[in-house]
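The values are calculated or read from the model by the stated rules, or taken from the named source; none is laboratory data. Note that the structure is a prediction, hence the values are computed from the model and not measured. No Cβ is skipped: glycine too gets one built from the backbone with ideal geometry, and neighbour counts run over all protein chains shown. Accessible surface is based on the protein model in full, side chains and every heavy atom, while ligands, DNA and RNA are left aside. Shrake-Rupley method; radii C 1.70, N 1.55, O 1.52, S 1.80 Å.
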Amino acid sequence: MFSSEHLKGLTPFLATADAGSFTKAAEHLHLSSSAVSKSVARLEERLGVLLFVRSTRRLKLSDAGRAYYATCKRVLQELADAEDVLAEHATALAGKVRIGVPAAYGRLRVMPALLELCAQYPRLQPSIAFSDRFVDLFEERIDIAVRIGAPSHWPAALGQMHLGDEQLILCAAPAYLARRGTPASIADLEQHDCIAYGRGDGSPMPWLFPHDEHGGQVEYRLASPRMTVGDAEARTAAVLAGLGVAQLATWLVQEYLATGAIVAVLPQLSTPGLPLYLAWPLARELTPKTGTLLQELQQRLTIR
């Protein structure tokens, strides 16, 4: 029958095998060289084999020692893995998890949430992939994805959690408005420098404005934007530099709105933008790690 006696001497034995000498193993374990040597000798006596071939110049594993070393390392790794599983159930968030996020939203909103979670759950090991395309969660082994915008249809194998819709506002820097004046209507925008979001081919995306009391929207196409930029954070930088008026999501500029570095223009034209979702493979929904992380991210990212 297995007893605690079988574990005695394993740590000095493994340390000696890794270090190649009793002296180096003793330094690593903060023991005396004599204590490590005697521990290994007792282990050899109990097993009835020599684990090391000793000479005045070197110390190396015997054939039996190599076999025993490999077995001990495998068993100890299995014990460590078992402890990780128990820790995951105990803390709900432990171990590795792969998360896919949009580039700008991921940096500005998801990363602060994940940093909080890493501080709260020290055993959590997130791997975070940044991409603005709709990644295949199965092909790229993503456990949880944050998505802006909905696909044309949701695959049946994916779970989804709606976090709300982003809010789009017109905004500009105070310096720009002091120089050019504040537009009082949509028609006034024709006289202003406008910063548009650029498609892949460089053509500007239209702005969306509320159309009627039923929540419909109408597209406003910019005749000749001052600048067309295909990156959300770069458009924000252009606004901060006083180059013109842009329509931006509030999650991009909320800190600047709070400090007054950017101000809202024509606030009555604020309109909902794209929906935000958490998505995940349904097969992983019931694991403690994924389920708890979904709840934590929902709590932090839901638009209120």
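Results, tabulated for the structure shown:
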| read-out | value |
| --- | --- |
| The listed residue being at pLDDT below 90, part of a helix (DSSP H, G or I), not assigned by the TED database to the domain that holds Arg123 and not acidic (Asp, Glu), out of Ala70, Ala82 | Ala82 |
| Residue selected from the range 253-304 under the condition of a type in the set (Val, Ile, Thr) and part of a loop (DSSP other than H, G, I, E, B), by the criterion modelled with the lowest pLDDT | Thr287 |
| Residue in the range 142-160 that is in contact with a Cys (Cβ under 6 Å, 6 or more places away or on another chain), open to solvent by less than 60 Å² (accessible area, probe 1.4 Å) and among the aliphatic types (A, V, I, L, M) present | no |
| Strands (runs of 3 or more DSSP E) lying entirely in the range 141-240 (those with 1 or more residues that are under 27 Å from the mean Cα position of the chain (by Cα), within 25 Å of Arg300 (Cβ to Cβ) and at pLDDT 90 or above) | 144-148, 158-172 |
| Residue identified as over 16 Å from Cys171 (Cβ atoms), basic (Lys, Arg) and in the same structural domain as Ala178 (by the TED database) among Arg226, Arg235, Arg221 | Arg221 |
| Criterion violated by Ala258 - all others in (1) open to solvent by less than 70 Å² (accessible area, probe 1.4 Å); (2) under 36 Å from the mean Cα position of the chain (by Cα); (3) small (Gly, Ala, Ser) satisfied | (1) |
| The range 264-290: number of residues that are β-branched (Val, Ile, Thr) and either surrounded by fewer than 17 Cβ atoms within 10 Å (Cβ to Cβ) or in contact with an Asp or Glu (Cβ under 8 Å, 6 or more places away or on another chain) (or both) | 2 |
| Leu248 at pLDDT 95 or above, open to solvent by 30 Å² or more (accessible area, probe 1.4 Å), in contact with a strand residue (DSSP E or B) (Cβ under 7 Å, 6 or more places away or on another chain) and under 27 Å from Leu189 (Cα atoms) | no |
| Given (1) open to solvent by 30 Å² or more (accessible area, probe 1.4 Å); (2) closer than 19 Å to Trp251 by Cα; (3) in contact with a Ser or Thr (Cβ under 8 Å, 6 or more places away or on another chain), number of the condition Phe130 does not satisfy | (3) |
| Among (1) in contact with a strand residue (DSSP E or B) (Cβ under 9 Å, 6 or more places away or on another chain); (2) more than 17 Å from Tyr176 (Cβ to Cβ); (3) open to solvent by 60 Å² or more (accessible area, probe 1.4 Å) - the single one Asp201 does not satisfy | (1) |
| Selection count, the range 142-156, where residues are closer than 11 Å to Pro281 by Cβ and in contact with a strand residue (DSSP E or B) (Cβ under 6 Å, 6 or more places away or on another chain) | 4 |
| Hits in the range 164-219 (condition: closer than 19 Å to Ala232 by Cβ, without any contact (Cβ under 8 Å) to a residue 60 or more places away in the chain and polar (S, T, N, Q)) | Ser203 |
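Each row is one residue, and each column tells you yes or no for (1) out of contact with any strand residue (DSSP E or B) (no Cβ under 6 Å at 6 or more places or on another chain); (2) touching a residue at least 60 places away in the same chain (Cβ under 8 Å).
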| position | (1), (2) |
| --- | --- |
| Leu252 | yes, yes |
| Ala258 | yes, no |
| Ile262 | no, yes |
| Pro267 | yes, yes |
| Gly273 | no, yes |
| Leu282 | no, yes |
| Glu296 | yes, yes |
